[in-house]
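The values are calculated or read from the model by the stated rules, or taken from the named source; none is laboratory data. If you're wondering where the values come from, they're calculated on a predicted model, not measured in any experiment. So basically every Cβ, Gly included, is an ideal-geometry build from the backbone, and we count neighbours across all protein chains shown. Accessible surface is based on the protein model in full, side chains and every heavy atom, while ligands, DNA and RNA are left aside. Shrake-Rupley method; radii C 1.70, N 1.55, O 1.52, S 1.80 Å.
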Amino acid sequence: MRKWIRESEEMYLETILRLQQRKAGVRSVDVAEELGYVKSSVSRGVNLLKKKGYILIDGETGAITFTEEGRKRAENVYGRHRVLTAALMKLGAEQRLAEENACRIEHVVSEEMMEIFRKFVEE
(Lines give C-alpha, C1' and ligand atoms only; values in the text may rest on other atoms or scores of the structure.)
Protein backbone atom coordinates (compact mmCIF):
# COMPACT_ATOMS: atom_id res chain seq x y z
CA MET A 1 0.00 0.00 0.00
CA ARG A 2 1.31 3.41 -0.83
CA LYS A 3 2.49 5.35 2.21
CA TRP A 4 0.10 8.29 1.80
CA ILE A 5 -2.92 5.99 1.45
CA ARG A 6 -2.01 4.12 4.63
CA GLU A 7 -1.30 7.36 6.48
CA SER A 8 -4.61 8.89 5.39
CA GLU A 9 -6.53 5.74 6.34
CA GLU A 10 -4.88 5.63 9.73
CA MET A 11 -5.52 9.31 10.34
CA TYR A 12 -9.24 8.89 9.62
CA LEU A 13 -9.50 5.77 11.79
CA GLU A 14 -7.71 7.43 14.69
CA THR A 15 -9.80 10.60 14.36
CA ILE A 16 -13.06 8.64 14.33
CA LEU A 17 -11.96 6.72 17.44
CA ARG A 18 -10.96 9.87 19.31
CA LEU A 19 -14.22 11.60 18.35
CA GLN A 20 -16.24 8.58 19.51
CA GLN A 21 -14.53 8.83 22.89
CA ARG A 22 -15.90 12.38 23.21
CA LYS A 23 -19.34 12.09 21.64
CA ALA A 24 -21.93 9.67 20.30
CA GLY A 25 -23.04 9.61 16.69
CA VAL A 26 -19.82 10.66 14.94
CA ARG A 27 -20.43 11.58 11.29
CA SER A 28 -18.21 12.51 8.35
CA VAL A 29 -18.84 16.19 8.98
CA ASP A 30 -17.39 15.80 12.50
CA VAL A 31 -14.26 14.19 11.06
CA ALA A 32 -13.93 17.02 8.53
CA GLU A 33 -14.24 19.65 11.26
CA GLU A 34 -11.75 17.88 13.53
CA LEU A 35 -9.13 17.52 10.81
CA GLY A 36 -9.84 20.83 9.08
CA TYR A 37 -10.46 19.06 5.76
CA VAL A 38 -13.18 19.79 3.20
CA LYS A 39 -16.24 17.58 3.53
CA SER A 40 -15.87 16.08 0.04
CA SER A 41 -12.36 14.78 0.83
CA VAL A 42 -13.50 13.25 4.09
CA SER A 43 -16.53 11.73 2.39
CA ARG A 44 -14.26 9.97 -0.11
CA GLY A 45 -11.93 8.81 2.66
CA VAL A 46 -14.74 7.54 4.82
CA ASN A 47 -16.30 5.68 1.89
CA LEU A 48 -12.96 3.97 1.24
CA LEU A 49 -12.84 2.86 4.88
CA LYS A 50 -16.36 1.48 4.47
CA LYS A 51 -15.40 -0.32 1.27
CA LYS A 52 -12.40 -1.89 3.03
CA GLY A 53 -14.65 -3.14 5.82
CA TYR A 54 -13.31 -0.93 8.62
CA ILE A 55 -16.47 1.05 9.31
CA LEU A 56 -20.24 1.01 8.84
CA ILE A 57 -22.29 4.13 8.12
CA ASP A 58 -25.90 4.36 9.24
CA GLY A 59 -28.01 5.17 6.18
CA GLU A 60 -30.43 7.38 8.11
CA THR A 61 -28.21 9.28 10.54
CA GLY A 62 -24.82 9.05 8.87
CA ALA A 63 -23.36 7.83 12.17
CA ILE A 64 -20.07 5.96 11.78
CA THR A 65 -19.38 2.76 13.72
CA PHE A 66 -16.38 0.47 13.56
CA THR A 67 -16.34 -3.11 12.44
CA GLU A 68 -14.26 -5.35 14.70
CA GLU A 69 -11.31 -5.13 12.30
CA GLY A 70 -11.66 -1.36 12.00
CA ARG A 71 -11.74 -0.86 15.77
CA LYS A 72 -8.61 -2.98 16.20
CA ARG A 73 -6.79 -0.99 13.55
CA ALA A 74 -7.91 2.36 15.01
CA GLU A 75 -6.90 1.33 18.53
CA ASN A 76 -3.52 0.17 17.24
CA VAL A 77 -2.85 3.53 15.57
CA TYR A 78 -4.03 5.46 18.62
CA GLY A 79 -1.91 3.25 20.87
CA ARG A 80 1.18 4.06 18.81
CA HIS A 81 0.27 7.74 19.04
CA ARG A 82 0.03 7.61 22.85
CA VAL A 83 3.31 5.71 23.25
CA LEU A 84 5.18 8.05 20.90
CA THR A 85 3.75 11.12 22.62
CA ALA A 86 4.83 9.79 26.01
CA ALA A 87 8.30 8.93 24.70
CA LEU A 88 8.79 12.37 23.18
CA MET A 89 7.63 14.05 26.37
CA LYS A 90 9.98 11.84 28.39
CA LEU A 91 12.77 13.14 26.16
CA GLY A 92 11.80 16.69 27.12
CA ALA A 93 9.29 17.83 24.50
CA GLU A 94 6.29 19.88 25.59
CA GLN A 95 2.96 18.10 25.12
CA ARG A 96 1.89 20.10 22.03
CA LEU A 97 5.18 19.44 20.26
CA ALA A 98 5.16 15.78 21.28
CA GLU A 99 1.56 15.33 20.04
CA GLU A 100 2.25 16.98 16.67
CA ASN A 101 5.34 14.90 16.00
CA ALA A 102 3.84 11.66 17.29
CA CYS A 103 1.03 12.19 14.80
CA ARG A 104 3.53 12.16 11.94
CA ILE A 105 5.82 9.44 13.25
CA GLU A 106 3.06 6.94 14.09
CA HIS A 107 2.38 6.22 10.42
CA VAL A 108 5.93 5.36 9.40
CA VAL A 109 7.60 3.83 12.46
CA SER A 110 8.34 0.09 12.27
CA GLU A 111 6.87 -2.34 14.78
CA GLU A 112 10.41 -3.14 15.92
CA MET A 113 11.06 0.54 16.69
CA MET A 114 7.66 0.84 18.40
CA GLU A 115 8.70 -1.91 20.79
CA ILE A 116 11.81 0.11 21.69
CA PHE A 117 9.63 3.19 22.33
CA ARG A 118 7.23 1.10 24.48
CA LYS A 119 10.12 -0.18 26.64
CA PHE A 120 11.53 3.34 26.93
CA VAL A 121 8.19 4.71 28.14
CA GLU A 122 7.79 1.89 30.69
CA GLU A 123 11.22 2.56 32.29
Inset, instruction - With the convex hull built on the Cα atoms of the range 23-72, state its orientation-averaged projected area in nm². - result: 3.5
Legend entry - Sequence-distant residues sharing a close amide H with ILE55 (under 5 Å, placed H): LYS50, THR67
Legend entry - Residue-count net charge about GLN20 - beta-carbon cut-off 13 Å; Lys, Arg +1, Asp, Glu -1: +1
Legend entry - For the range 3-123: accessible area per residue (Å², 1.4 Å): 60
Legend entry - Under the Karplus curve 6.51 cos²θ - 1.76 cosθ + 1.60, θ = phi - 60°, whole-Hz ³J(HN,Hα) for the range 28-38, x wherever Gly or Pro sits: 4, 4, 5, 5, 4, 5, 5, 8, x, 9, 6
Inset, instruction - About the Cα centre of the chain, how large is the charge dipole given +1 on each Lys and Arg Cβ and -1 on each Asp and Glu Cβ? Please answer in debye to the nearest 20. - result: 320
Inset, instruction - Would you mind computing Rg(Cα) / (2.2 N^0.38 Å) for the chain, counting N as its residues? - result: 1.10
Inset, instruction - Pull up all non-local amide H partners of ALA63: gap of 5 or more, or a different chain, and H-to-H distance under 5 Å with H placed in the peptide plane. - result: ASP58
Legend entry - Cβ-placed point charges (K, R +1; D, E -1), dipole of the range 28-87 about Cα centre in debye, nearest 20: 340
Inset, instruction - Could you order THR61, THR67, THR85 so the one with the most accessible surface comes first? Probe is 1.4 Å. - result: THR61, THR67, THR85
Inset, instruction - Would you please put 39-47, 52-60, 25-33 in order of how densely packed they are, using the mean number of other Cβ atoms within 10 angstrom per residue and starting with the highest? - result: 25-33, 39-47, 52-60
Inset, instruction - Take MET11, MET89, MET114 and sort them by solvent-accessible surface of the protein heavy atoms, 1.4 Å probe, largest at the top. - result: MET89, MET11, MET114
Legend entry - Cross-link reach list, lysines versus LYS119, counting only Cα pairs under 19 Å and skipping chain neighbours closer than eight places: LYS90
Legend entry - Derived scalar couplings ³J(HN,Hα) [the range 52-57; Karplus, 6.51 cos²θ - 1.76 cosθ + 1.60; whole Hz; x for Gly, Pro]: 7, x, 8, 9, 10, 10
Inset, instruction - Obtain the nm distance between the two label points defined at GLU33 and GLU69 by a simple spin-label model: each point lies 7 Å from its Cα along the Cα-to-C-beta direction. - result: 3.1
Inset, instruction - List the relative contact order of the range 9-123 as a percent without decimals, with contacts defined as Cα pairs under 8 Å and 6+ residues apart. - result: 23
Legend entry - Mean residue ellipticity (222 nm) of the chain, computed from DSSP H runs ≥ 4 via -39,500 (n - 2.57), nearest 500: -23000 deg cm²/dmol
Legend entry - Residues of the range 93-115 with amide N under 18 Å of a point placed 7 Å along Cα→Cβ from GLU123: 93, 112-115
Inset, instruction - Excluding residues on the same chain fewer than 8 positions from LYS50, give the aspartates and glutamates whose Cα lies under 14 Å from its Cα. - result: GLU9, GLU10, ASP58, GLU68, GLU69
Inset, instruction - Go through the range 90-107 residue by residue and turn each phi into a ³J(HN,Hα) via Karplus (6.51, -1.76, 1.60, θ = phi - 60°); whole Hz please, and just put x for glycine and proline. - result: 4, 7, x, 6, 5, 4, 4, 5, 5, 4, 4, 6, 4, 4, 7, 5, 4, 8
